[in-house]
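Here is the structure we will look at, set down as structure tokens.
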Amino acid sequence: MENEHANQSELEYVSFPILKVFPDQPLPGDLYLFLNGHFVKYKTKGDNISQQKFELFVLQKVQYIFVTKGEADSFKSWSDKLTHKDKETLVAAVGEENAIVVEKHFDVREGYLSFIAKEVTEESVKVILVKTRDFIQTIKEKRTADKFTAKLLSYSQHVADHSTNVGNLSVYLALNTGYSQQIILENVYLGGVLHDFGKTKIDPKNLEEPPTSKKYQTSIRKHPELGRTALLLDSGFSEEVLRIVGEHHERHDGTGYPKGLKGNKIYDLTKLVSVANVFDNLVMASSEGDIKGRQIKAFRALEKDQGKMFDPKILGKCLRALERVVL
Ligand SMILES: [Fe+2]
Ligand SMILES: [Fe+2]
């Protein structure tokens with residue numbers, strides 16, 4: 001009986017990858033969850049899945065949701081259309097001649113999402129490493145990469161966007177502060193993309209608490225080390241990448257966490273990723289005004305640092321590089 005029921009259901013419902021769903025966008029049909037052996041309607045056509053809910057699904061490693069067979073095609077074309085629109089926006093920002101980089105950027109973005117949606121395994125590490133190598137190689141083939149990688153940014157409050165924004169900005173800062181070696185660029189990029197990986201290891205319930213609460217604060221302070229150890233367990237990532245992940249909240253004056261490392265105890269590439277991370281967080285923190293205005297405000301805030309968060313020498317170089325794309 002049980003089996004019969006399942007077979008009958010399969011005729012009516014088909015799975016749809018959660019990663020193909022666009023949060024905050026009106027759904028083209030009804031969405032179902034498979035709970036306790038039954039399909040239960042979760043959202044109605046025209047509703048949307050909030051960003052927060054979407055991330056919760058991803059972090060809870062939900063891989064699929066369900067749609068009726070009749071609506072499967074409209075879901076697919078809905079997702080394809082929105083992906084296409086996102087790509088067009090970025091191609092417009094970096095120029096048609098760099099469209100290939102945008103393609104590779106989306107490869108990594110997708111790769112990152114499926115990376116956090118699964119357990120870390122040798123295989124999943126390999127996939128993200130290959131995508132990274134490919135992205136950096138493509139960038140290196142473009143002589144103007146040092147001018148456009150900082151334009152590969154999206155602002156949707158989405159965990160994948162923050163991660164790839166920080167990755168792309170870190171590469172931009174590296175390229176503009178004297179780094180050009182493939183392996184170094186791969187490390188700084190991967191460190192940027194994975195810097196907050198540890199957040200996926202924190203109980204999502206604690207992250208739903210107000211950011212000022214003790215519960216939130218204690219949990220969040222664990223994410224650099226949680227990320228480092230989670231990535232360490234399955235080899236494949238270089239020591240440099242792990243250092244960046246573990247150190248990205250350390251501060252130049254020694255008041256950061258988890259170790260309170262000071263000044264030159266912090267790895268040079270971490271310093272670049274930290275600047276990129278804070279810059280992106282500042283831009284995302286406000287929703288007032290257009291992106292350009294928010295970037296300028298973030299830039300001005302970084303200028304005031306005076307050796308607290310950042311190594312003044314490195315920050316100076318980063319600001320000179322950011323100036324070219326922001327101001
Ligand atoms: Fe972080
Ligand atoms: Fe971050």
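The values are calculated or read from the model by the stated rules, or taken from the named source; none is laboratory data. Owing to the predicted nature of the structure, the values given are computational and were not obtained by experimental measurement. Here the Cβ is made from the backbone with ideal geometry for all residues, glycine too, and neighbour counts use every protein chain on show. Accessible surface is based on the protein model in full, side chains and every heavy atom, while ligands, DNA and RNA are left aside. Shrake-Rupley method; radii C 1.70, N 1.55, O 1.52, S 1.80 Å.
Go through the stretch 69-86 residue by residue and turn each phi into a ³J(HN,Hα) via Karplus (6.51, -1.76, 1.60, θ = phi - 60°); whole Hz please, and just put x for glycine and proline.
Computed from phi, the couplings for the stretch 69-86 are 4, x, 9, 4, 5, 5, 5, 5, 6, 4, 5, 4, 5, 5, 4, 4, 5, 4 Hz.
To the nearest Å, what is the center-to-center distance of the stretch 184-199 and the stretch 235-263, using C-alpha atoms only?
12
Select from the stretch 88-157 those trypsin sites (Lys or Arg not before Pro) which occupy a DSSP coil region and have at most 11 other Cβ atoms within 10 Å, ordered by residue number.
R143
Within the set of other residues whose C-beta is less than 12 Å from the C-beta of G191, count the net charge using Lys and Arg as +1 and Asp and Glu as -1.
-3
List the residues whose amide H sits under 5 Å from the amide H of Y64, counting only those 5 or more places along or on another chain, with H placed 1.01 Å from N in the peptide plane.
Counting only residues 5 or more places away or on other chains, the set is I18.
With runs of 4+ DSSP H residues as the only contributors, calculate the mean residue ellipticity of the chain at 222 nm using -39,500 (n - 2.57) per run, divided by the residue total and rounded to the nearest 500.
-18500 deg cm²/dmol
Of all accessible surface on the stretch 2-80 at a 1.4 Å probe, what whole percent is carbon and sulfur?
Carbon plus sulfur share of accessible area: 49 percent.
Could you derive backbone 3J(HN,Hα) for the stretch 274-280 from the dihedral phi with the Karplus parameters 6.51, -1.76 and 1.60 (θ = phi - 60°), listing whole Hz in sequence and x where the residue is Gly or Pro?
Couplings: 4, 4, 4, 5, 5, 4, 5 Hz.
In the structure displayed, which of K87/K147; K262/K297; K41/K215; K126/K313 lie more than 30 Å apart, Cα to Cα? If you can, show how the numbers build up before the last one.
Values: K87/K147 19 Å; K262/K297 27 Å; K41/K215 33 Å; K126/K313 35 Å.
Where the Cα-Cα span goes over 30 Å, the pairs concerned are K41/K215; K126/K313.
If you count only protein heavy atoms and use a 1.4 Å probe, how large is the accessible surface of I183, to the nearest 10 Å²?
100
What's the center-to-center distance, using Cα atoms, between the stretch 66-112 and the stretch 116-149 in Å?
Comparing the Cα centres of the stretch 66-112 and the stretch 116-149, I get a distance of 17 Å.
With +1 on each Lys and Arg Cβ and -1 on each Asp and Glu Cβ, and nothing else charged, work out how big the dipole of the chain is about its Cα centre, in Debye to the nearest 20.
That gives a dipole near 1260 debye.
For the chain, how big is Rg over Rh, using alpha carbon atoms and the Kirkwood form of Rh?
Numbers: Rg = 20.7 Å, Rh = 20.9 Å.
For the chain, the value is 0.99.
Using amide H atoms built 1.01 Å from N in the peptide plane, name the residues 5+ places from V21, or on other chains, whose amide H lies under 5 Å from its own.
none
Just to check I understand the Karplus step: with θ = phi - 60° and J = 6.51 cos²θ - 1.76 cosθ + 1.60, what whole-Hz values come out for the stretch 219-232, glycine and proline as x?
Computed from phi, the couplings for the stretch 219-232 are 5, 5, 5, 8, 5, x, 6, 4, x, 4, 5, 4, 7, 6 Hz.
Given DSSP loops and a limit of at most 13 other Cβ atoms within 10 Å, what is the longest stretch of the chain that contains no such GluC sites (Glu not before Pro)?
The longest uninterrupted stretch comes out as 1-118.
Can you give the local net charge around L315? Use residues other than it whose beta-carbon is closer than 11 angstrom to its beta-carbon, Lys and Arg +1, Asp and Glu -1.
Details: positive: K271, K304, K308, K313, K317, R320; negative: E303, D305, D311.
With Lys, Arg at +1 and Asp, Glu at -1, the neighbours total +3.
Using modelled amide H (1.01 Å from N, peptide plane; none on Pro or chain starts), what sits under 5 Å from the amide H of E250, excluding residues fewer than 5 places away?
Excluding prolines and chain starts, which carry no amide H, the hits are Y257.
Let's see if you can work this out: charge +1 on each Lys and Arg Cβ, -1 on each Asp and Glu Cβ, no other charges. What is the dipole magnitude of the stretch 189-296 about its Cα centre, in debye to the nearest 20?
Values: 16 positive and 15 negative charges, 69 e Å.
Computed charge dipole of the stretch 189-296: roughly 340 debye.
Projecting each Cα onto the charge dipole of the chain (Lys/Arg +1, Asp/Glu -1 at the beta carbon, about the Cα centre), which of P23, V67, S79 comes out farthest on the positive side?
P23
Tally Lys/Arg at +1 and Asp/Glu at -1 over every other residue whose Cβ is under 11 Å from the Cβ of D30; what's the total?
Computed value for this residue: +1.
Rounded, prolate or oblate: which fits the stretch 214-273 when a ≥ b ≥ c are the square roots of the eigenvalues of the alpha-carbon gyration tensor, with rounded for a/c under 1.5 and prolate only if a/b beats b/c?
The shape class here is oblate.
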